[in-house]
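The values are calculated or read from the model by the stated rules, or taken from the named source; none is laboratory data. Only a predicted model underlies this, so the values are computations on that prediction, with no experimental measurement involved. For neighbour counting, all protein chains shown are included, and Cβ atoms are generated from backbone atoms with ideal geometry for every residue, glycine included. Just so you know, the surface numbers come from the protein's heavy atoms only, side chains and all, with ligands and any DNA or RNA stripped out. Shrake-Rupley method; radii C 1.70, N 1.55, O 1.52, S 1.80 Å.
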Amino acid sequence: MTNHLTNAELRRLFLERHALADSPAGVLTRDGLDALIDRLGFVQVDTISTLEQAHHHILASRATDYRKPLLKHLLEKRRSVFEHWTHDASIIPTRFYPYWKPQFRRMKERIHRAKHWEERFAGRMGDTVDSVRRRVAEGGPVMSRDLTPDDQEERGTWWGWTPSKTALEYLWRTGEFAVTGRKGFAKVYDLAHRVIPTEHHDPEPDHAAFVDWACRMAIERLGVASHGELAAFLDAVTPAEAEAWCATVGPGTLRRITIEHADGSSREVWARPDVGDLVREAPEPPARVRFLSPFDPMIRDRDRTRRFFGFDYRFEAFVPAKQRIYGYYVLPMLERDRLVGRIELKAHRDRGELEVRGLWMEPGIRPSKARCAKIDAEIERWRLFTGMERVTGLPLDA
């Protein structure tokens, strides 16, 4: 029985659990994309498109055959995935929908306690929510701009939301509405029962069943974790709830092992009972270089990234320009089982250029001719994916 994972074993397991140990080459079908999202548990959505929007980037990092219409079909036609909130806005397998009902209730409680939500309703929460609810129930799907013609509503400072936009978000986050599609990046909202297939409208699980489900699906996708990391995976249960769950489930679900960090230190964590088999079966990660999204689930926990991979990463888009160490939209570079550097890319869609704005190798990583060739190949892949005509900027020389 495996009671300790070396750092190399830990990295290999963690990459396998995050679907980054397999080759990204091959044909990706709709079923294959459904399986990939289910394997990850969720895919974060973000609007920043300096290179590519986060959800598309995360999926394209794992499947070179990924195309945006595949995801649109799953969201808007097949309805096998839906949009809602984990730690942030995310695309989630629809089979999880019954377990999102406690999330809806918790979100509602949070909103009613939050002063900034009250301010966005401008003191008219009840009337505005009722009006928007009737409009969608009687008239069908809407976007925010359908409710605010000619900018007649006052916009506040909180993301520029009007009261009616706030009502749409409130009804979506609390489960009455669902996102039925998007036009550009604008959400189209409809009643949830008209979007989510009937077979997923099961009764809400009781609290114990919900905690058990949330923790089990987290350890399934992480392999090893502290109770805090289990709680943070979906941001669905509290650390105390996860700690109590870990303490009460039997050895058929969890056991304690030690893991070695990149700096040689060790830590005791919870692990799946078959963790040794998982490590032995995990493939050696591909030699190719991959550029990860700043929102990739593998690096979402920056402290864990530093402990496991010895890679200190901060997303600097929201850091004042003069205080940035690297750049606005810098991507970690993954080669085999190591984060070997970072690169800043920007797609200038108005002029068809993919600009390489910066490249930094980690200490001790040599920019050899072979490694530069792999980086060049990944740059070219992103040029093709983003539809740019040429690459400009920093040349790569060994």
### Task
Show the residue pairs that are 6+ apart or on different chains and have beta-carbon atoms under 6 Å apart, the first residue being within the range 12-23 and in contact (Cβ under 8 Å) with a residue 40 or more places away in the chain, the second being open to solvent by 10 Å² or more (accessible area, probe 1.4 Å) and basic (Lys, Arg).
17/221; 19/39; 19/62
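Within the range 194-207, can one find any residue that is among the hydroxyl-bearing types (Ser, Thr, Tyr), more than 23 Å from residue 87 (Cβ to Cβ), in contact with a strand residue (DSSP E or B) (Cβ under 8 Å, 6 or more places away or on another chain) and surrounded by fewer than 17 Cβ atoms within 10 Å (Cβ to Cβ)?
First, pick out the residues of the range 194-207 that are among the hydroxyl-bearing types (Ser, Thr, Tyr): 198.
Narrowing further to those that are more than 23 Å from residue 87 (Cβ to Cβ): 198.
From the residues that got through so far, the ones that are in contact with a strand residue (DSSP E or B) (Cβ under 8 Å, 6 or more places away or on another chain) too are none.
Looking for residues that are among the hydroxyl-bearing types (Ser, Thr, Tyr), more than 23 Å from residue 87 (Cβ to Cβ), in contact with a strand residue (DSSP E or B) (Cβ under 8 Å, 6 or more places away or on another chain) and surrounded by fewer than 17 Cβ atoms within 10 Å (Cβ to Cβ), one finds none in the range 194-207, hence no.
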### Task
Would you check if there is a residue in the range 6-28 being within 30 Å of residue 171 (Cα to Cα), open to solvent by 60 Å² or more (accessible area, probe 1.4 Å) and not small (Gly, Ala, Ser)?
no
### Task
Could you please tell me which pairs satisfy a Cβ distance under 7 Å, a separation of 6+ or placement on different chains, a first residue in the range 96-108 that is touching a residue at least 12 places away in the same chain (Cβ under 8 Å), and a second residue that is of a type in the set (S, T, N, Q) and open to solvent by less than 50 Å² (accessible area, probe 1.4 Å)?
104/174; 107/174; 108/174
### Query
over 21 Å from the mean Cα position of the chain (by Cα), β-branched (Val, Ile, Thr), open to solvent by 50 Å² or more (accessible area, probe 1.4 Å) and farther than 27 Å from residue 365 by Cα, is that true of residue 238?
no
### Task
Return the only residue of 36, 59, 70, 75 being open to solvent by less than 10 Å² (accessible area, probe 1.4 Å) and not in a strand (DSSP E or B).
59
## Note on the structure
By residue number, the members of the range 78-127 that are in contact with a His (Cβ under 9 Å, 6 or more places away or on another chain), open to solvent by 80 Å² or more (accessible area, probe 1.4 Å) and closer than 24 Å to residue 218 by Cα are 95
#### Entry: Residue count, the range 369-381 (criterion: of a type in the set (D, E, K, R), farther than 15 Å from residue 336 by Cβ and open to solvent by less than 50 Å² (accessible area, probe 1.4 Å))
1
## Note on the structure
Listed by first then second residue, the pairs whose first member lies in the range 230-246 and is farther than 13 Å from residue 219 by Cβ, whose partner is open to solvent by 20 Å² or more (accessible area, probe 1.4 Å) and in a loop (DSSP other than H, G, I, E, B), with beta carbons under 6 Å and at least 6 positions apart or on separate chains, are 235/87
### Task
Could you look through the range 166-215, keep only residues that are of a type in the set (Asp, Glu) and outside any helix (DSSP H, G or I), and pick out the one that is farthest from residue 77 (Cα to Cα)?
206
## Note on the structure
When the range 371-393 is checked residue by residue, the ones that are assigned to a helix (DSSP H, G or I) and in contact (Cβ under 8 Å) with a residue 24 or more places away in the chain are 371, 372, 374, 375, 377, 378, 379, 381, 382, 383, 385, 386
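Quick one: is residue 224 without any contact (Cβ under 8 Å) to a residue 60 or more places away in the chain, aliphatic (A, V, I, L, M) and crowded, with 20+ Cβ neighbours inside 10 Å? Lay out the reasoning, then the answer.
Details: without any contact (Cβ under 8 Å) to a residue 60 or more places away in the chain: no; aliphatic (A, V, I, L, M): yes; crowded, with 20+ Cβ neighbours inside 10 Å: yes.
Answer is no for this residue.
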## Note on the structure
Among strands (runs of 3 or more DSSP E) completely within the range 249-368, the ones holding 1 or more residues that are open to solvent by 70 Å² or more (accessible area, probe 1.4 Å), modelled with pLDDT of 95 or more and touching a Gly at 6+ places or on another chain (Cβ under 8 Å) are 353-361
